[in-house]
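A short worksheet on the structure shown next.
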Amino acid sequence: MSAPAPKAAAAASAALRYVSTRGRMPGARFCDVLLGGLASDGGLVVPQGYPRLGAAELAALRPLAYPELASAIIGRFVDDIPPGDLTALARRAYRAETFGSAEITPLQTLEPGLHLLKLSNGPTLAFKDVAMQLLGELFEYVLRREGRTLNILGATSGDTGSAAEYAMRGRQGIRVFMLSPHGKMSPFQRAQMYSLQDANIFNVAIRGVFDDCQDIVKAVSGDAAFKSAHRIGAVNSINWARVVAQVVYYFKGYFAATRSNDEQVSFAVPSGNFGNIFAGHIARMMGLPIRHLFLASNENDVLDEFFRTGRYRVRSGRETAQTSSPSMDISKASNFERFVFDLVERDPTMVARLWREVEDAGGFNLAGTPYWRGIAQYGLVSGRSTHADRLAAIRRINKDYGVIIDPHTADGVNVGLQHRESTVPLICLETALPAKFAETIREALGHDPAVPPGYEGLESRLQRVAVMDPDVEAVKAFIASRTK
């Protein structure tokens, strides 16, 4: 039985166009929005509708290899890149040499009905590589075609930054300016980013938390004159192309865990900025038979609070905890606005009103509204993990199956197992390899995780980073001085 088709899942029109969640951006095509982040009105870019796949179309996708599957799914959101070119880009991005196997995102079965979707075999050992490797190809393709250059500005809580930098390093016409919270990532994560010596890569550590970095990116992107003058683009989870690239591995995981398209599965997804699980939401809206999407928060539980109560309350930097799953230490979930757009039946006036409440009052409450009464149709169920829960999940998976998982994956496993239904297979999304979080693995298991070949001594390499206060104008000056 396929997932329901809520009102928000209206079929995409023949002439595919992208609009803003806040309703004041002219319709645009895929390549028009590819290189950007925020829409011109401060909202997020979304397609006019989600393409709905029938039984025959799902059956045709099942046997495809990963590059061809990516081209077939992403191609339904793209009408301004020739299909042959899109397939060639996907084949370059998704190579066995880059991801360790032709499967790209192999499924590991722990026991019948319980699986890990292995998303962390790319160059930076995190799931962000799956989308970023394709974005690198797409960006270079469009920039070359249009004779343009691009300065990418991003914010990272741990993995996005390194994945973006490794995907863009050395590419013609592209510079990367990546903001990260000073001292709040793991030593491995910092070394992955800061040790890069490529001339087109610039790391800036901001004295603050991830949300300070994200706020700076939004402020710079919201300055239309500066953005235009310095050709600013984005690769954060607010970038639409990155989100749609992540949709692919939900299909791949589903096909690997089932034998026919009449079966349902559930996914457990560690969630910070809501991009990863939003890709699952899109897959479900497209007709992939997903029963539930189990959203896993850590102690920074702004998303769990919303899905339990209807109240969305952002936290201040002082309220944002530094945890052992640092990539989820986020209290303003950027992609959440895209989901709310669907939840309020794609009413941009309502979204704009709600986000004014976020700016003015720190949040909003949909409990008791007609929108909240319809939330169950989207299949999202949330839960929360603590440090103790993470350690317990790491120990349990290691003891029962001989597998070591990282702390973020442990959050997903913990929440997924709490909500698991015995008759529905559960696929837990792996988000990083444990080598990136040796301190927590050591605490849980009493020994360090294995370091993959080629990453030995990473933390001792020379690092290059500028440390700055959370000052928008200072960051603008830094970018301007390096883009003349």
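The values are calculated or read from the model by the stated rules, or taken from the named source; none is laboratory data. Because the structure is predicted, anything quoted here is derived from the model rather than measured. We place every Cβ from the backbone using ideal geometry, glycine too, and count neighbours over all the protein chains shown.
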Would a scan of segment 304-313 turn up a residue that is under 19 Å from the mean Cα position of the chain (by Cα), more than 24 Å from Phe210 (Cα to Cα) and not assigned by TED's automatic domain parsing to the domain that holds Ile73?
no
Candidates Gly170, Gly158 - the one that is part of a loop (DSSP other than H, G, I, E, B) and within 22 Å of Arg231 (Cβ to Cβ)
Gly170
Is one or more of the residues making up segment 207-216 crowded, with 22+ Cβ neighbours inside 10 Å and either in contact with a helix residue (DSSP H, G or I) (Cβ under 8 Å, 6 or more places away or on another chain) or among the β-branched types (Val, Ile, Thr) (or both)?
yes
Here are Val381, Val351: which of them is closer than 22 Å to Pro289 by Cα, aliphatic (A, V, I, L, M) and at pLDDT 95 or above?
Val381
Which pairs turn up if I take residues in segment 132-159 that are in contact (Cβ under 8 Å) with a residue 40 or more places away in the chain and look for partners that are in a strand (DSSP E or B) and small (Gly, Ala, Ser) with beta carbon separation below 6 Å, at least 6 apart in sequence or on another chain?
Leu150/Gly233; Ile152/Gly233; Thr156/Ser180; Asp159/Ala126
At pLDDT below 95 and not assigned by TED's automatic domain parsing to the domain that holds Val33, is that true of Gly280?
no
Any chance segment 352-365 includes a residue that's touching a residue at least 60 places away in the same chain (Cβ under 8 Å) and either part of a helix (DSSP H, G or I) or charged (D, E, K, R) (or both)?
yes
Is there a residue being touching a Phe, Trp or Tyr at 6+ places or on another chain (Cβ under 7 Å), farther than 18 Å from Ser157 by Cβ, assigned to a loop (DSSP other than H, G, I, E, B) and of a type in the set (S, T, N, Q) anywhere in segment 419-430?
no
In segment 90-148, the residues that are closer than 20 Å to Val451 by Cα, part of a helix (DSSP H, G or I) and of a type in the set (Lys, Arg)
Lys128
The conditions are (1) touching a residue at least 24 places away in the same chain (Cβ under 8 Å); (2) surrounded by fewer than 23 Cβ atoms within 10 Å (Cβ to Cβ); (3) basic (Lys, Arg), and Arg284 fails exactly one of them. Which is it?
(2)
What pairs come out if I take residues in segment 204-229 that are within 11 Å of Asp471 (Cα to Cα) and pair them with residues that are in a helix (DSSP H, G or I) and of a type in the set (Val, Ile, Thr) whose C-beta lies under 6 Å away, six or more apart or interchain?
Ile216/Val472; Ile216/Val475; Ala219/Val472
Any chance segment 401-413 includes a residue that's under 30 Å from Asp223 (Cα atoms), of a type in the set (A, V, I, L, M, F, W, C) and either assigned to a loop (DSSP other than H, G, I, E, B) or in the same structural domain as Ala155 (by TED's automatic domain parsing) (or both)?
no
Give me the residue from segment 449-472 that is in a helix (DSSP H, G or I) and surrounded by 12 or more Cβ atoms within 10 Å (Cβ to Cβ) and, out of that set, modelled with the highest pLDDT.
Val472
Ala296 vs (1) farther than 30 Å from Leu89 by Cα; (2) outside the structural domain of Ala388 (by TED's automatic domain parsing); (3) small (Gly, Ala, Ser); (4) in contact with a helix residue (DSSP H, G or I) (Cβ under 6 Å, 6 or more places away or on another chain): all pass except (2)
Please determine whether any residue of segment 339-347 is closer than 24 Å to Gln418 by Cβ and outside the structural domain of Leu38 (by TED's automatic domain parsing).
yes
Would a scan of segment 175-182 turn up a residue that is among the β-branched types (Val, Ile, Thr) and modelled with pLDDT under 90?
no
Could you pull out the residue among Gly170, Gly113, Gly158 that is on the phi > 0 side of the Ramachandran plot, of a type outside the set (A, V, I, L, M) and not assigned by TED's automatic domain parsing to the domain that holds Ala229?
Gly113
